[in-house]
Amino acid sequence: MISKDTTLKPLPPTVRLVMFLILIPALCSAIEVNCSEPTQPALLEALTPIFNMSAIRPVVNMTTRTNVSTFFTLYGILGVDEKSQLLITYLWLDYWWKNELVFWDPNQCGTDKISLPRDKFWVPDIVINEFMDENTAPPVPYVYLYSNGMVHDAQPVKVVSSCNLDIYTFPFDIQNCTFTFNSYIHLAMDIMIFLGKSAENITKKSKNVMTTMGEWELLDITSHKDKYGHDDGQYIDELSFHIRVRRRATLYVVNLLIPSCFLITVDLFSFLLPPQTVDRSSFKMTLILGYTVFLLIMNDLLPITGNTIPLINVFFSLCLALMVTSLLETIFITNLLSGSADFSPLPRWVRVFVLQFLGCLVCLPQKTKEPKGSDIKFSTAMAQRKADEGPPGEMMLVAEGKAVQELRSLGRDLQAIRLQVEQQLCGSKSSKEWIQCCLLKVKPSKVLFIFISVLMYASCSSIMLNCSQPDPPSLLDALRPVFTLSSIRPVMNMSTPTNVSIDFILFGILGVDEKAQLLTTYIWQKLEWRNDFIGWDPDQCGSSRITIPRKLLWVPDVVINEFMEKNSAPFVPYSYVYSDGLVQDEQPVKVVSSCRLDIYTFPFDVQNCSLSFNSYLHRMAAMQIFPTIPVEEILKFSQEVMATMGEWELIGLSVKKLQLPASDGEPYEELRFFVTVRRRATLYVVNLLIPSCFLITVDLLSFLLPPKSIDRSLFKMTLILGYTVFLLIMNDLLPITGETIPLMNVFLSLCLGMMVASLLETILITNLLCGSAHYPPIPRWVRLFVLHFLGRLVGLPQKPRDLEDTVFQNPAAQDIKVSFLVAEDNQAPGPKGPLDEDKALQELRSLGKDLQALHNQLKKQTSGSQSSEEWIQVGFIIDRLLFGFYMLFITVSFITIIVVWVNSYNIS
């Protein structure tokens, strides 16, 4: 420490000149600290003058750079937020730099280092550009100061940093995130950053000390330093670290991929279920329900991002699509198997292409129709019987004729029963061909900152500061009177307004809260104004600019009107002060701003939010604000440096200057920036729209299931349950707001409403088809309007009733016919046969009555009464009519919603 009692005697001019030349090197060296005794209190007292110069960069000459050496240890990887594109880590940071104003003799002061509070020293404003939140790690207040002037600052930092996360290959993804260390405001001519430890050593130590053995594994850490082509120092020096981390995929393979493969395998093997005897559609619908429940359970494991769609989401969507496709195929096959009896004959091209070509291709050739074995046996037996019979006698002709007549009548009844049963079980030839067709279908930045200096000429002259020497301590002493005036607006005349120029760079869009109507962004804010109390000669003071702590200067009370929370971005303490009085203040701001969000067209919405800059207290006569650079350049730079490629995309930026009246009647100025962002809709299209379309298609095609043989109501109820589970899974993706209902919610509610309506329709049709036997005769107006008019309209005209069915509808009439024949036989003239032959004839007639009654009962069950058949026909007609209305309503509704989406998207 230089003694204050030392005085110089008057010397001749020549001696003075020699002494001055000798002292020039001494002025550029460190200030030696002299301790009165080798104790810590003595060293602390000797360092007190150094503490008074903590506001300036600790160099003797302002042209000297401060070299900052840095490294860190990655202590933990705490997590990844894929939607906000954030990486959360925990670092141990180390900084080393030289304080040229300090030097002492370790022997004289008793130690070569001392730990002192950080706030007593100048600390470089080194920040991590990607840092998006405040440091919540425990504070460490001390730094180490060494006898040679070196300062060691170490502190823990919880880093919430932006990172362009690529999760396309999730869960086998490797992320490469960047930590860019640089001074926030100092140019390279003032501060240079160097790597204090090799990247290999950083990686090795980080792996050794890392305690979080969770989802992420550290692969390596590499460093990179840009080599700029110019050496004038008019840039910000930066040092980049690239951190590669890999996700541990075992959890996701066991809990997601393997169960999905199991379920899709079950769906594959379900094709082996015989569709003729097993309700395969209900089985597959239950399988889809189980898969949606599985996705609901595992939903928390899946990443949410709007940038890209992970491949695993595509895999799950593909599995669901395959299940839905197989379900639709089963519905089609079931319709062919159960309703082919009412189909038209098989077209020739279908018979040739499907039955012959595709049948041979899948090893299911068409079966050739051969005579039934029973028919062959029956014909052979009859022929043999005729051959064995000799010429009948005269007395046996009448008896044999009556017996043969009864046998023929009995044979006709058996033939009718057989045809009825075969038609019900096997169907016609056309039905067999359609079934054969269906069986064939069963197989199956460089830019980070821009500094713009706009010189504003004040109306009044500034105070010229005189420096005793051209070094920073002298300039700091000259500026101390200005620091005492930091409480007032820096103008010589109170009628002179302070002109503040404003611009910013939008570095990241962190998220949107639709319910609270908040937009969270991260900006680099820059303010410039002129301090009329400041002015010095750069040659006299040794520099044209100096960095001063912001707390020592007057700072305009410029706020963002929409700001709803405190600024949680990393704190930057310094501002640039130029010799002409220009003050340049830059700082990062995490803006949680209110925004009137219109999510009617979600997920194709475009939001237009405003950031209104104005003085909170000063009126227009005291402060005026202006934009520094054109808004087009702000938009360009923002798009270039934006690090978060998440759900939102910046598409527009505009500015408008307003003059608004204050509460006291005086006007104030407001600079309003309009930020236009667009939501990336890929995530929502894949996870919401496409599955909903799949399920509503299943519900639409479920009308093809024959309601007489398949429990369609149970199928539709399972489908509704699966859809509600699906909506429960995707509930976190839907916006929550009480102002407007998004069109997406209307779309999903419409799908659910249509499913419920189709279920109610199925219940009505099932009641008509299964309970019509107990209904009264159909009213005449229903017969005319439904059977005749609507039936022809939907292609289901009323079938004419078979005459034979009418004749044999009443069993009593048949009994009368049989009794009449028996009586006729008894009255017929001729000789009577033996008693055994009469008993045989009576047994044959009794057997014929039983077979005839069985035949009538079978026809009654299959055909029913005329009233029952008409009610069943009414049910089929209403079913097809409502199917047409259902299809028409879905088509019109979906087209309307899509048109509204497209128009709103184009207008925005």
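The values are calculated or read from the model by the stated rules, or taken from the named source; none is laboratory data. These figures come from a predicted structure and were not determined experimentally. Because the Cβ atoms are built from the backbone with ideal geometry, glycine has one as well, and the counts that use them run over all protein chains shown. The accessibility values were calculated without ligands, DNA or RNA, using every heavy atom of the protein model including side chains. Shrake-Rupley method; radii C 1.70, N 1.55, O 1.52, S 1.80 Å.
Data overview
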read-out: Criterion violated by residue 599 - all others in (1) open to solvent by less than 60 Å² (accessible area, probe 1.4 Å); (2) farther than 30 Å from residue 740 by Cα; (3) not in a strand (DSSP E or B) satisfied; value: (2)
read-out: Of residues in segment 299-330 being open to solvent by less than 40 Å² (accessible area, probe 1.4 Å) and in a loop (DSSP other than H, G, I, E, B), the one modelled with the lowest pLDDT; value: 306
read-out: Members of segment 78-122 found to be of a type in the set (Phe, Trp, Tyr), open to solvent by less than 50 Å² (accessible area, probe 1.4 Å) and part of a strand (DSSP E or B), listed by number; value: 90, 95, 97, 104
read-out: Set 702, 638: member being out of contact with any Phe, Trp or Tyr (no Cβ under 7 Å at 6 or more places or on another chain) and surrounded by 15 or more Cβ atoms within 10 Å (Cβ to Cβ); value: 638
read-out: Exclusive hit being modelled with pLDDT of 90 or more and open to solvent by 40 Å² or more (accessible area, probe 1.4 Å), set 450, 463, 488; value: 488
read-out: Out of 125, 94, 105, 153, sole residue that is out of contact with any strand residue (DSSP E or B) (no Cβ under 6 Å at 6 or more places or on another chain), modelled with pLDDT of 90 or more, among the acidic types (Asp, Glu) and more than 17 Å from residue 177 (Cα to Cα); value: 105
read-out: Some residue of segment 581-589 being open to solvent by less than 10 Å² (accessible area, probe 1.4 Å), part of a loop (DSSP other than H, G, I, E, B) and in contact with a helix residue (DSSP H, G or I) (Cβ under 7 Å, 6 or more places away or on another chain); value: no
read-out: Search result, residues across segment 56-72 that are open to solvent by 10 Å² or more (accessible area, probe 1.4 Å), under 49 Å from the mean Cα position of the chain (by Cα) and not charged (D, E, K, R); value: 67, 69, 71
read-out: Yes/no for residue 655 being open to solvent by 20 Å² or more (accessible area, probe 1.4 Å) and either among the aromatic types (Phe, Trp, Tyr) or farther than 22 Å from residue 84 by Cβ (or both); value: yes
read-out: So residue 267, is it out of contact with any helix residue (DSSP H, G or I) (no Cβ under 7 Å at 6 or more places or on another chain) and in a helix (DSSP H, G or I); value: no
read-out: Test result for residue 139, assigned to a loop (DSSP other than H, G, I, E, B) and under 20 Å from residue 67 (Cβ atoms); value: no
read-out: Residue that is farther than 30 Å from residue 130 by Cβ, acidic (Asp, Glu) and buried (at least 19 other Cβ atoms within 10 Å of the Cβ), where the choices are 503, 477, 539, 532; value: 532
read-out: Close pairs from segment 685-696: first among the hydroxyl-bearing types (Ser, Thr, Tyr), partner in a helix (DSSP H, G or I), Cβ under 6 Å, at least 6 apart; value: 692/751
read-out: Tally, over segment 270-281, of residues that are of a type in the set (S, T, N, Q), out of contact with any Ser or Thr (no Cβ under 7 Å at 6 or more places or on another chain) and open to solvent by less than 50 Å² (accessible area, probe 1.4 Å); value: 1
read-out: Residue within segment 63-77 that is at pLDDT below 85 and in a strand (DSSP E or B) present; value: no
read-out: Failed criterion for residue 168 (all others in (1) among the aromatic types (Phe, Trp, Tyr); (2) part of a loop (DSSP other than H, G, I, E, B); (3) closer than 26 Å to residue 568 by Cα hold); value: (3)
read-out: Pair list, Cβ < 6 Å and 6+ apart or interchain, from segment 544-561 residues that are acidic (Asp, Glu) to residues that are at pLDDT below 90; value: 557/616; 557/617
read-out: Identity of the residue in segment 712-751, among the hydrophobic types (A, V, I, L, M, F, W, C), under 28 Å from the mean Cα position of the chain (by Cα) and open to solvent by 50 Å² or more (accessible area, probe 1.4 Å), that ends up farthest from residue 598 (Cα to Cα); value: 721
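Conditions tested, residue by residue: (1) crowded, with 16+ Cβ neighbours inside 10 Å; (2) at negative phi; (3) in contact with a Leu (Cβ under 7 Å, 6 or more places away or on another chain).
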| position | (1), (2), (3) |
| --- | --- |
| 124 | yes, yes, no |
| 128 | yes, yes, no |
| 135 | yes, yes, no |
| 139 | no, yes, no |
| 144 | no, yes, no |
| 155 | yes, yes, yes |
